[in-house]
Each structure stands twice: as C-alpha cells, then as structure tokens.
Amino acid sequence: MNDPLPIEVRGSAKQPLGMTPAQFLRDYWQKHPLLIRNAFPGFQPPLQPDDLGGLACEDGALSRLIVHDDKRDRWSVKSGPLDEADFARTPESNWTLLVQDVDKWDADVAQLLEHFRFLPSWRVDDVMVSYAEPGGGVGAHVDQYDVFLLQGLGQRHWAISTDPDAPKDFRPDIELKQLAHFEPTHEWLLEPGDMLYLPPGVPHDGVAFGGPCMTFSIGMRAPSRAELTGDLADYLAERLDESQRYTDPDLAPARAAGEIDAAALARLRTALPFASALDEDGLRDWFGRFITRYRNAQTPAPPARPMTLPVLRKRLAEGAALLRHPWSRLAWSRGRRGAVLFANGLAYPAPVELARRLCAERTLAFEDVPGDDGSALLLALVNDGHLVPRKGRR
Ligand code: SIN
Ligand code: CO
C-alpha cells in the first residue's frame with residue numbers, strides 16, 4: 001500500500017515546495033493543503049511594517065484595518081486609504097492591516113513571484129501583505145482561490161480544517177464573511193520562511209502569535225463560470241452580424257397565442273450552441289424572460305396601492321374585467337407541471353388554461369372566479385401592473 005500523502009514537508013533553497021513543482025502540482029495543487037517548513041530558508045521580508053503602513057495610506061491602494069474586540073467578539077473593518085489617526089487609534093493587540101496587490105507597488109515584493117513561475121503568470125492574482133499585532137487576524141474563513149501563505153516576520157498560528165463536510169455557513173458579519181462554525185483538524189505555528197499552501201475552499205484561521213507578524217499571501221485568480229460565460233457571450237455577440245436573426249421558415253400555424261412551443265425551443269438550440277448548457281426548463285425560462293422584455297420601450301408600472309386577494313376575488317365575482325396593460329408583453333410555455341407565464345422579463349407559475357387565455361385575450365372576464373393558483377396569478381399580474389381591473393356590469 002502507498003504511504004498517505006504527508007500534509008507537512010520540509011523545503012530547502014533548491015526546493016521551496018519540499019518537492020519538485022511537478023510533484024506538487026500532481027499531488028497537492030487544487031487538491032490538498034500542504035505545510036512547507038523552511039520553504040524559504042533565512043527569509044528576510046522584502047518590505048517592513050512601516051512601508052506597509054505607508055502604502056495603506058496611499059490613494060488607490062486596497063487596504064483594510066481589522067480590529068477584533070476579543071471580549072465581545074465584535075469585529076470592525078476600516079477600508080483604506082487609511083491615515084495616521086487610524087493607526088494611532090489601534091489597541092495594543094488583536095488588530096491587523098491587510099494590503100492587496102503589494103506586488104504592483106513594490107518591486108521587491110514582486111520579486112517573490114519569481115519563485116512561483118511554475119504556475120502560469122495569468123493565474124496569479126497578487127501578493128497580499130498583512131501586518132498583525134498579537135491576536136490579530138481576519139477570523140476563520142474560506143477563500144475561493146488557491147493561496148500560498150508565506151510567513152515573513154514573527155510567528156503566526158494557523159488552524160485549518162480538512163474535513164470535507166465542515167459547515168461553510170457565514171456569521172452575520174457580512175463584510176468579513178467569517179465562518180459561523182470552525183473546528184480545526186490541523187494547527188501549526190509558522191516561523192519566518194515557513195509556507196502554508198491552501199487549495200480553494202479549505203476553512204482556515206491565522207492569528208499573530210507572540211509579537212508583530214507579517215504574512216505574504218500569494219493568491220491565485222480563477223474566474224467563475226458565470227463570469228466566463230458572461231464574457232464569452234459578450235465576445236460572441238460583438239462578432240455576430242446583426243443580419244443573423246431568429247428565423248423560423250418551418251413555422252406552422254400557432255396553436256395558442258403567445259405559446260413558446262417545442263419547435264421554437266428546438267430552433268433556439270440550433271441557433272445557439274451555448275444553449276446546450278441549459279436543460280429544457282432552463283432554455284424555456286431564459287427565452288420566455290428574454291423575449292418578453294426584448295426591445296420593450298416601456299413596461300407597466302405597479303398600481304399605487306397593491307390589491308389584496310379577497311378584494312380581487314370580490315371584484316371578479318361582481319363581474320369586473322381585467323384589461324391587459326398596453327405595454328404588457330406576454331408569452332407562455334408548458335412546463336413539466338402546469339405552465340409558466342412570462343410578462344416583460346418576469347416568470348409566473350400559471351395554470352395552462354389561464355396562461356393561454358391571458359395571451360389570447362386583451363380583456364378577461366370570468367364566469368367563475370378562478371381557483372387558488374389562478375387567483376394568485378391574477379393578483380400578481382394586477383399588482384405588477386400587467387392587468388388593470390375595470391368595473392363589473394353584473
Ligand atoms: C492574513 O491574515 O495575512 C491571511 C489572510 C487569509 O487567511 O487569507
Ligand atoms: Co484566507
């Protein structure tokens with residue numbers, strides 16, 4: 001049997017990762033945390049705490065001063081640019097200063113990145129530098145990106161959790177996105193030159209220990225699939241000729257006004273290779289919203305006072321009609337259960353027959369007041385301004 005992968009190794013001047021980059025990438029990168037003792041033997045920080053404080057006061061530098069009130073477990077965050085008075089107000093301990101993108105401001109800090117040339121340079125985001133007094137840190141959290149946490153000055157106590165089921169819910173301190181629960185599985189005290197590698201999503205908490213502490217975080221960047229998709233869509237859209245339109249030379253007579261039918265969805269799938277990312281419900285939902293807000297010069301405004309369900313039902317029972325607002329653009333589609341009605345970019349669950357009628361008739365009157373689902377839909381449409389009640393004649 002193979003030995004389990006060690007979580008702790010020793011580095012050397014020749015091998016800051018304690019192994020070859022190829023081994024590190026194969027076994028740890030994006031997969032497992034790794035503590036490398038002595039990754040940078042005799043490490044001397046490329047900038048001093050005072051330089052970092054000065055940088056935090058510059059316009060355009062991204063800095064945060066975080067103070068932890070230990071007794072009440074309250075956190076305060078001040079974003080930069082900071083000034084001398086901010087530092088004068090800091091307590092004896094339990095605070096930290098973090099500055100992002102220090103490599104862009106300081107060539108010596110940028111030199112650190114030379115040690116990470118085994119990674120594509122476009123994958124590297126920045127070197128963030130933190131200075132902390134004892135007890136200072138940002139609290140337990142997870143990052144979305146890989147990070148190498150290089151201890152630069154003093155000692156830092158690191159606690160991490162490798163439990164794949166560790167809860168990831170946040171405390172209500174929205175600004176810091178701290179974890180509500182954190183049970184470490186591993187703890188270490190890092191000395192200058194030691195380095196902790198964390199893949200994305202590993203809960204961690206670093207606290208300055210004993211005296212002043214500086215940590216250099218070499219952070220990666222990884223666009224979300226949502227960002228990639230949005231940008232690719234823009235890129236493609238810019239290159240597509242305006243003369244290429246939605247086409248339907250195979251159109252059969254419409255069975256029901258406003259219905260987005262299976263043939264329309266199939267045409268979209270052919271025209272948009274992108275659409276393969278969406279299942280049938282997703283494609284229908286996107287297209288229904290899109291086509292009902294596409295090129296609308298105006299959209300109905302909600303009434304000044306929303307109506308209640310009992311009032312609407314009473315008025316319908318009295319024979320009131322519902323007029324479709326002229327700027328209301330409707331479409332509907334059959335779903336797995338019932339239908340979805342689309343109105344100016346919004347989607348409403350709907351009974352099939354009512355969705356069909358809403359698209360087919362500009363003025364709706366009811367012999368019988370619709371049931372719960374139907375009445376709820378009509379109320380939503382009235383309160384969003386798509387249907388306007390008119391006095392009944394009965
Ligand atoms: C730090 O406080 O220097 C590290 C921040 C982090 O855990 O990402
Ligand atoms: Co972090």
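We did not get these values from a lab; they are worked out from the coordinates using the rules stated. What you see is a predicted model; the values in this text were computed from it and never measured. Backbone-built Cβ (ideal geometry, glycine too); neighbour counts: all protein chains shown.
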(request) Return one number: the angle in degrees, 0 to 90 and rounded to the nearest 10, between the long axis of the Cα atoms of helix 225-239 and the longest principal axis of the Cα atoms of the chain. (result) 60 degrees
(request) With a 10 Å radius around each residue's Cβ, average the other Cβ atoms per peptide and rank 94-104, 351-361, highest first. (result) 94-104, 351-361
(message) If every alpha-carbon in the range 168-282 counts as one equal scatterer, what log10 I(q)/I(0) does Debye give at q = 0.17, 0.18 1/Å?
(response) -1.04, -1.12
(message) For the range 331-391, take N as its residue count and report Rg(C-alpha) divided by 2.2 N^0.38 Å.
(response) 1.04
(message) Please list log₁₀ I(q)/I(0) at q = 0.08, 0.10, 0.11 Å⁻¹ for the chain, using the Debye equation with identical point scatterers on the alpha-carbon positions.
(response) -0.68, -0.83, -0.88
(message) Could you give each residue of the range 306-317 its phi-based ³J(HN,Hα) in whole Hz, using Karplus coefficients 6.51, -1.76, 1.60 with θ = phi - 60°, and x for Gly or Pro?
(response) x, 8, 9, 4, x, 5, 4, 4, 5, 5, 5, 5
(message) For the chain, take the longest principal axis of its alpha carbons; what is the angle in degrees between that and the long axis of helix 280-293, to the nearest 10 within 0 to 90?
(response) 70 degrees
(request) Would you mind getting me the FRET efficiency between residue 227 and residue 311? Use the beta-carbon distance for r and R0 = 45 Å, nearest 0.05. (result) 0.50
(message) Please compute the length gained on full extension between residue 252 and residue 145, using 0.36 nm multiplied by the number of residues separating them and subtracting their Cα-Cα distance.
(response) 33.4 nm
(request) Binning at 5 Å from 0, report for the range 8-220 what percent of all alpha-carbon pair distances ends up in each bin. (result) 1, 7, 15, 20, 21, 18, 11, 5, 1, 0
(request) Subtract the Cα-Cα distance of residue 373 and residue 48 from 0.36 nm times their separation in residues, and report this length gain in nm to one decimal. (result) 110.4 nm
(request) Determine the principal axes of the Cα atoms in the range 105-229, then give the extent along each, sorted from largest to smallest and rounded to whole angstroms. (result) 46, 38, 25
(message) Quick check on the range 1-128: what are the equivalent-ellipsoid semi-axes from the Cα gyration tensor, as sqrt(5λ), descending, whole Å?
(response) 33, 19, 14
(request) Using the structure shown, select from 14/177; 71/104; 71/168; 14/78; 31/104; 14/168 the pairs with a Cα to Cα distance greater than 32 angstrom. (result) 14/177; 71/104; 14/78; 14/168
(message) Under a Cβ-only charge scheme (Lys and Arg +1, Asp and Glu -1), can you give me the dipole magnitude of the range 8-220 about the Cα centre, in debye to the nearest 20?
(response) 580 debye
(message) Using the Karplus curve 6.51 cos²θ - 1.76 cosθ + 1.60 with θ = phi - 60°, what ³J(HN,Hα) values do you get for each residue of the range 375-385, in whole Hz, with x for Gly and Pro?
(response) 5, 4, 5, 4, 4, 4, 5, 5, 6, 9, x
